[in-house]
There are 2 protein chains.
Amino acid sequence: MAILEKIRSRAARSAMGSVRLGIGDDCALIGPKTGEELAVTTDLSIAGRHFRLDWHPPESVGHRALARGLSDLAAMGARPVAAFLSLGLPRRLTVASARRPAWVERFLDGLLALAAASKTPLAGGDLAESPLAVADIVLVGAVPRGRALLRSGARPGDLLYVTGALGGAAAGLAELAKRRPGSPRIPKKLEAVLAPHLYPQPRIAQGLWLVRHKLASAALDLSDGLSTDLAHLCAESGVAAEVDSALLPVHPGATLAQALNGGEDYELLFTAPATAHLPRSIAGVPITRIGRITPARAGHPAVTLLGTRGSKPLAPHGWEHFS
Amino acid sequence: MAILEKIRSRAARSAMGSVRLGIGDDCALIGPKTGEELAVTTDLSIAGRHFRLDWHPPESVGHRALARGLSDLAAMGARPVAAFLSLGLPRRLTVASARRPAWVERFLDGLLALAAASKTPLAGGDLAESPLAVADIVLVGAVPRGRALLRSGARPGDLLYVTGALGGAAAGLAELAKRRPGSPRIPKKLEAVLAPHLYPQPRIAQGLWLVRHKLASAALDLSDGLSTDLAHLCAESGVAAEVDSALLPVHPGATLAQALNGGEDYELLFTAPATAHLPRSIAGVPITRIGRITPARAGHPAVTLLGTRGSKPLAPHGWEHFS
């Protein structure tokens, strides 16, 4: 109950935008603008599966929980309207010690910092004691009616693009896994290497830009890894795809395998007609053409990887979290 | 993944209403009608806390998870638009045996039956393996702009009403607790006693009626118990309240203490000006006046219980689940 009041008071400090009623009633109330559709997504984060209490700083767990939801909004080209947080926590994570604030306070620090940066008010949620730490984040966004970026709009001949660089989150996670469990602090020199994993940046501005300029035919966010997510896009669009490995924007320090299969980069993967003129960067983030959409052929793999020594099927080898 | 496809195919069979895009993309899309606000609520259900795998039939766990969210919509006077389900389950609950379907299938049976009865399409969610069974349910509803029933609108002189009967869920839970753990089947003769606990009926129609007739000044749903929830209403409205114990519609088989403090009845508690004419029942459910709203007085209890032998403070003794 004390935590609830704390969350309510911290959340109340932010601008509410389209949220007409926030935490404190049976529901929050959201007033969409005329001509808008609402995009809704939920993402469950479970200790030991999506994060590890002995690996991840609490601020990162809060940031990543919200980033997953914001990235789903970005993939639809929606502007964030409100976030909701259902939190189940063991009591020990809610208690401050003499030396440091409670885990949940630092979790909220991370979550609310990203909420402020992305202008996303925390409008409600639920709270319960739980033997296992779980956080379900719900994002509500808004997009002009009929203009959302879907997974199902890619057509043969379209070109395939990604924002930013790939594999950085997997490379960061590999580095994180090498540390001694329970190490209290991330050393300065590791911060840059770990940042793509600990503090991924959802591509909200890039998604909004794509909707505004009506250039993308399909989009999704890279949460499970390129090989898995591109297979999803192909399945929903009823197409196949070729990826040119020489074109991939591999993150510095990451391997090609991490760029292809590492999850949680939260970059956007999108398609656009070959006639569309895409800029080299959108809102400061590079845009890279990595391949093209082809017709689906029965009995053939959905995704083909073109390399210097010919082509081969790219099977989904996506992110399986910590299982 | 197999479960996800199963949920998707089962959810796709229902009418989608205002849901323009359901399960399968990064977000669901909802198209509100002009002049509508959206109500959003999330409710976390955790094994061992909100339900017990060895006590509750899986159908009841699914029903109750959705009922909690629908009841929050009812308390705002909102019509259901979409539900989202984030589900974390141990693998054993997803596996069918030769003799019976998987726990998750029966959980979905219960959830989707109530979803169909309340015309609430399941529009999305998330799925993960988890050592602990957790289900976060998100409900999105719609209500005419500015007309939602809030907790904050009660004024001194207003009369206090409840729908249905109180204490039935607590009485049912007490009966459930007497059974041998792991008893496979609820005997026929116990079904009626257990029903208010296992299969509570959210008061959607009654909430919609109150909004349509503009009679209620404030409302909430009785999830934590009358003594606790009425204290919430008083706090949000800045008022106090008197409850007349002789007027309470105690559920047959329940005690006065269960009616006052037992949670999860999911009846509506609402206030209306003394000049308002409330019917004896709304959509087949009795409406009972149980007390009145009084001015808040510093140093005095928020809620007073009037009995045959005078009055006494009614302290919040709400539902603490299974803790």
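The values are calculated or read from the model by the stated rules, or taken from the named source; none is laboratory data. Note that the structure is a prediction, hence the values are computed from the model and not measured. Methodologically, a virtual Cβ is constructed for each residue, glycine included, from the backbone with ideal geometry; neighbour enumeration extends over all protein chains shown. For the accessible areas, the whole protein counts, side chains as well, though only heavy atoms, and no ligand, DNA or RNA atoms are used. Shrake-Rupley method; radii C 1.70, N 1.55, O 1.52, S 1.80 Å.
Considering each residue of the stretch B:271-278 in turn, at least one proves to be under 13 Å from residue B:160 (Cα atoms) and open to solvent by less than 10 Å² (accessible area, probe 1.4 Å). Within the stretch B:197-222, being out of contact with any strand residue (DSSP E or B) (no Cβ under 6 Å at 6 or more places or on another chain), within 23 Å of residue B:61 (Cβ to Cβ) and open to solvent by 30 Å² or more (accessible area, probe 1.4 Å) holds for B:199, B:201. Put simply, of A:302, A:254, A:241 the only residue that is at pLDDT below 95, in contact with a helix residue (DSSP H, G or I) (Cβ under 7 Å, 6 or more places away or on another chain), open to solvent by less than 50 Å² (accessible area, probe 1.4 Å) and aliphatic (A, V, I, L, M) is A:302.
Take the conditions touching a Leu at 6+ places or on another chain (Cβ under 8 Å), facing chain B (nearest Cβ under 9 Å), surrounded by fewer than 24 Cβ atoms within 10 Å (Cβ to Cβ) and not in a loop (DSSP other than H, G, I, E, B) and apply them to residue A:127. Does it pass? Spelling it out, residue A:127 is indeed touching a Leu at 6+ places or on another chain (Cβ under 8 Å), facing chain B (nearest Cβ under 9 Å), surrounded by fewer than 24 Cβ atoms within 10 Å (Cβ to Cβ) and not in a loop (DSSP other than H, G, I, E, B). For the stretch B:79-101, the criterion of being under 23 Å from residue A:49 (Cβ atoms), away from every other protein chain (no Cβ under 14 Å) and buried (at least 22 other Cβ atoms within 10 Å of the Cβ) is satisfied by no residue at all.
Could you say whether any residue in the stretch A:2-17 is under 30 Å from residue A:153 (Cα atoms), within 14 Å of another protein chain (Cβ to nearest Cβ) and part of a loop (DSSP other than H, G, I, E, B)?
Within the stretch A:2-17, not a single residue is under 30 Å from residue A:153 (Cα atoms), within 14 Å of another protein chain (Cβ to nearest Cβ) and part of a loop (DSSP other than H, G, I, E, B).
Taken as a whole, the condition of being in contact with a helix residue (DSSP H, G or I) (Cβ under 9 Å, 6 or more places away or on another chain) and surrounded by fewer than 17 Cβ atoms within 10 Å (Cβ to Cβ) applies to residue A:289. Checked against (1) modelled with pLDDT of 90 or more; (2) open to solvent by 40 Å² or more (accessible area, probe 1.4 Å), residue B:182 passes all but condition (1). Selection of first residues in the stretch A:259-287 that are at positive phi and of second residues that are open to solvent by less than 50 Å² (accessible area, probe 1.4 Å) and assigned to a strand (DSSP E or B), restricted to Cβ pairs under 7 Å at least 6 apart or on distinct chains, gives the following pairs, ordered by first then second residue: A:266/A:221.
Residues in the stretch A:15-24 that are open to solvent by 30 Å² or more (accessible area, probe 1.4 Å) and over 20 Å from residue A:136 (Cβ atoms): 5 in all.
Among the residues of the stretch B:133-149, just one is open to solvent by 30 Å² or more (accessible area, probe 1.4 Å) and within 7 Å of another protein chain (Cβ to nearest Cβ), namely B:145. Name the single residue, out of those in the stretch A:155-179 being under 29 Å from residue A:295 (Cβ atoms) and of a type in the set (A, V, I, L, M, F, W, C), that is most open to solvent (accessible area, probe 1.4 Å). The qualifying residue most open to solvent (accessible area, probe 1.4 Å) is A:159. Checked against (1) buried (at least 20 other Cβ atoms within 10 Å of the Cβ); (2) assigned to a loop (DSSP other than H, G, I, E, B), residue B:119 passes all but condition (1).
The residue that is nearest to residue A:170 (Cα to Cα), among those in the stretch A:61-78 that are open to solvent by 10 Å² or more (accessible area, probe 1.4 Å) and not basic (Lys, Arg), is A:63. Taking first residues from the stretch B:194-218 that are closer than 19 Å to residue B:159 by Cβ and partners that are basic (Lys, Arg) and not in a helix (DSSP H, G or I), the Cβ contacts under 7 Å between residues at least 6 apart in sequence or on separate chains come to B:211/B:147; B:217/B:155.
Against the test of being under 16 Å from the mean Cα position of the chain (by Cα) and in a helix (DSSP H, G or I), the options B:64, B:106, B:92 yield a single qualifying residue, B:64. Annotation: residue B:24 fulfils all but one of (1) touching a helix residue (DSSP H, G or I) at 6+ places or on another chain (Cβ under 8 Å); (2) more than 7 Å from every other protein chain (Cβ to nearest Cβ); (3) more than 23 Å from residue B:205 (Cβ to Cβ); the unmet one is (2). Answer with yes or no whether residue B:30 is closer than 29 Å to residue B:222 by Cα and β-branched (Val, Ile, Thr). Criteria met by residue B:30. Selection over the stretch A:28-45 of residues that are within 15 Å of residue A:147 (Cα to Cα) and more than 7 Å from chain B (Cβ to nearest Cβ) gives a count of 3. Going residue by residue through the stretch A:49-60, is there one that turns out to be within 8 Å of chain B (Cβ to nearest Cβ) and surrounded by fewer than 22 Cβ atoms within 10 Å (Cβ to Cβ)? Looking for residues that are within 8 Å of chain B (Cβ to nearest Cβ) and surrounded by fewer than 22 Cβ atoms within 10 Å (Cβ to Cβ), one finds at least one in the stretch A:49-60, hence yes.
The set of residues in the stretch A:25-48 being closer than 20 Å to residue B:237 by Cα and open to solvent by 20 Å² or more (accessible area, probe 1.4 Å) consists of A:25 alone.
The criterion of at least 2 residues that are within 14 Å of chain A (Cβ to nearest Cβ) and out of contact with any Cys (no Cβ under 9 Å at 6 or more places or on another chain) is met by the following strands (runs of 3 or more DSSP E) wholly inside the stretch B:259-323: B:268-272. Scanning the stretch A:237-254 for residues that are assigned to a helix (DSSP H, G or I) and within 23 Å of residue B:26 (Cα to Cα) turns up just one, A:237.
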